[in-house]
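As structure tokens, the structure follows; a few thoughts come after it.
The values are calculated or read from the model by the stated rules, or taken from the named source; none is laboratory data. What you are looking at is a predicted structure, and each value in this text was computed from that prediction instead of being measured. Every residue, glycine as well, gets a Cβ built from its backbone with ideal geometry; the counts of neighbours run over all protein chains shown. Accessible surface areas use protein heavy atoms only, side chains included; no ligands, DNA or RNA. Shrake-Rupley method; radii C 1.70, N 1.55, O 1.52, S 1.80 Å.
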Amino acid sequence: MNLEQYIKSRKNQNLFRELPQNNIGVLDFSSNDYLALSRDKYSIQAGIYAAQKYGTGSTGSRLLSGNKSIFEEFEDQIANDKNTESALIFNSGYVANLSVISAFSSLGYSVIFDKLNHASMYDGANPQKLKRFNHLNYDALQKILESTPGKKLIASETVFGMDGDVADLKQLQRLADQYETLLYLDEAHATGLYGSKGYGLSTDSSLTPNRTIIMGTFSKALASSGAYVACSNEVKNFLIQVCRGFVYSTALSPFCIGVAQYNWQLIPSLSDTRNQLLLNAEKLREMLRADGHLCGSSNTNIIPILFSSTDSMLQKHNELKNAGIITSAVRRPTSPTPRLRIALNIQHSESDLEKLRSALSK
């Protein structure tokens, strides 16, 4: 199949991707800027201050010229707030997931995934050592653990980015302890929103420190770029040796780190804001379900609206776009079920929710 045939095939299957148009002036339910901090003037000033102090670029990888003190200070703070010995900053959540999963796969670990894990984790796994269990089905996970010899790593999102539901961390940790496996938790969509202080669901769970690895991003609620991996000292030292996405990448801009660190420190003071966002999400779910829409098992600010076909989903997506409402149209291979992904942020008003509801019902 040549390029022309491939593109035609994608279009025929309603799988063709296109860059969206500028969304200024529309009602946007597609953004991951959950706390609306991306234009906060104090966050921007924190980034500018870091750039003035350390430069706009890091000038090299962390192992060469890019290891600025701001990175190490932020890593120490993350480790402290995540109740781990250490932390390591990566350039993105995608790079962190791919690099860490790949690193353990290279050591011969069998990786065991919730089927709805993010593509970045799949991209790091060795297909021959990858096993999957149905979404949130921990009985199935236990059967896989029982039948899989050797070194094992369980990997799961905590808040699932396409379904808006939540993993049972107690069950995951119980199984990880019982079978003496590593537990890898992706807190990309939980960081900044969930947990008693907003640092993720894992911070409120009794996790086994030397067997737990936690990834979170700066690019969603923290409104910057980059990611962290919180872990033991031993795991951090291992990752610095073998994670190609860390070793061979120029470090993040100090501007991004300055913004992320400022917003990280801000998060615990935003508990009322975070609670209001969850109340708004529950209100929208009730509206949608009352109108007959299927929202799966969502119980976070991420709400999928499920469709029976890609055609009907894309038709509704275009109708909403024509009405000035932007949603995320999600289908294979990102999700097995076509859906409109609704991501609520704190700036969505009650009238915005009503506008979305009205447009969906037409």
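Observations, loosely collected:
Listed here are the residues, each with its yes/no results for (1) within 25 Å of ASP114 (Cα to Cα); (2) without any contact (Cβ under 8 Å) to a residue 60 or more places away in the chain; (3) buried (at least 18 other Cβ atoms within 10 Å of the Cβ).
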residue: TYR179; (1), (2), (3): yes, yes, no
residue: GLU187; (1), (2), (3): yes, yes, yes
residue: SER249; (1), (2), (3): no, no, yes
residue: VAL259; (1), (2), (3): no, no, yes
residue: GLN276; (1), (2), (3): no, no, no
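- Conditions (1) over 30 Å from LEU284 (Cα atoms); (2) among the polar types (S, T, N, Q); (3) without any contact (Cβ under 8 Å) to a residue 12 or more places away in the chain; number of the one not met by ASN210: (3)
- Candidates VAL259, VAL247, filtered to the one that is within 20 Å of the chain's Cα centre (by Cα) and among the β-branched types (Val, Ile, Thr): VAL259
- Put simply, of SER206, SER219, SER202 the only residue that is under 28 Å from SER38 (Cα atoms) and open to solvent by 10 Å² or more (accessible area, probe 1.4 Å) is SER219.
- Note on the stretch 226-244: residues that are open to solvent by 50 Å² or more (accessible area, probe 1.4 Å) and under 16 Å from the mean Cα position of the chain (by Cα) amount to 0.
- Checking LYS131 against (1) without any contact (Cβ under 8 Å) to a residue 40 or more places away in the chain; (2) touching a helix residue (DSSP H, G or I) at 6+ places or on another chain (Cβ under 8 Å); (3) more than 23 Å from ASP177 (Cβ to Cβ), the condition it does not meet: (3)
- The stretch 261-274, residues that are open to solvent by less than 10 Å² (accessible area, probe 1.4 Å) and among the β-branched types (Val, Ile, Thr): ILE267
- Of the helices (runs of 4 or more DSSP H) lying entirely inside the stretch 3-86, those containing at least 3 residues that are farther than 27 Å from SER202 by Cα, modelled with pLDDT of 95 or more and open to solvent by 100 Å² or more (accessible area, probe 1.4 Å) are 41-54.
- For the stretch 87-98, the set of residues classified as surrounded by 24 or more Cβ atoms within 10 Å (Cβ to Cβ) and not hydrophobic (A, V, I, L, M, F, W, C) consists of GLY93, ASN97, listed by residue number.
- A single member of LEU145, LEU136, LEU116, LEU141 is buried (at least 18 other Cβ atoms within 10 Å of the Cβ) and touching a Lys or Arg at 6+ places or on another chain (Cβ under 7 Å), and it is LEU145.
- Any hit, the stretch 30-37, residues being farther than 26 Å from LEU340 by Cα and either basic (Lys, Arg) or in contact with a helix residue (DSSP H, G or I) (Cβ under 6 Å, 6 or more places away or on another chain) (or both): no
- Total residues in the stretch 220-246, condition more than 15 Å from GLU72 (Cα to Cα) and without any contact (Cβ under 8 Å) to a residue 40 or more places away in the chain: 2
- Scanning the stretch 331-354 for residues that are among the β-branched types (Val, Ile, Thr) and surrounded by 20 or more Cβ atoms within 10 Å (Cβ to Cβ) turns up just one, ILE342.
- Which listed residue, of LYS129, LYS82, is in contact with a Gly (Cβ under 9 Å, 6 or more places away or on another chain), closer than 28 Å to SER253 by Cα and among the basic types (Lys, Arg): LYS82
- Some residue of the stretch 296-317 being under 30 Å from ASP76 (Cα atoms), polar (S, T, N, Q) and either loosely packed, with under 15 Cβ neighbours inside 10 Å or touching a helix residue (DSSP H, G or I) at 6+ places or on another chain (Cβ under 7 Å) (or both): yes
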